[in-house]
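The values are calculated or read from the model by the stated rules, or taken from the named source; none is laboratory data. Remember, it's a predicted structure, so these values are computed and weren't measured experimentally. Note that we place each Cβ from the backbone using ideal geometry, even for glycine, and neighbour counts take in every protein chain shown. Side chains included, ligands, DNA and RNA excluded: accessible areas come from the protein's heavy atoms. Shrake-Rupley method; radii C 1.70, N 1.55, O 1.52, S 1.80 Å.
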Amino acid sequence: MASFWDYFSVLAPSVGLALIFWLVMRSVFRVDTGERQAKAQLEEREAQEWARQRAAPGSGADRQNGSDQIEEVDRLDGSGRLDGRAQPPRD
């Protein structure tokens, strides 16, 4: 019986550390899996929201506004102001 306790006292720390390591790694992998699932759900909701906004009435107006912005940029002169009104020179 004495030899059992000798072997136990030698092996118990290694087995205990292996058990602690296993528990820590298991919790890390579970957290990572949960985070990936949450991220996938968030991306799915964002994709649905984006698709709903694209399909909403008035999406043609959004495209028209984009072309209006391009025309507005074309009317800018070198001074950065509309309609050719130059800024006064700085001293």
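Based on protein heavy atoms only, segment 1-48 ends up with 95 Å² per residue of surface accessible to a 1.4 Å probe.
Across segment 13-23, computed HN-Hα scalar couplings (Karplus, 6.51 cos²θ - 1.76 cosθ + 1.60, θ = phi - 60°) run x, 5, 5, x, 5, 5, 5, 5, 4, 4, 5 Hz from first to last residue, x flagging Gly and Pro.
Net charge of the neighbourhood of ARG52, taken over other residues with C-beta under 13 Å away and scored Lys/Arg +1, Asp/Glu -1, is -1.
From a point 7 Å beyond the Cα of ALA51 in the direction of its Cβ, which residues of segment 6-37 have a backbone N at a distance under 20 Å? In segment 6-37, the label zone of ALA51 (backbone N under 20 Å from the point 7 Å along Cα→Cβ) covers 37.
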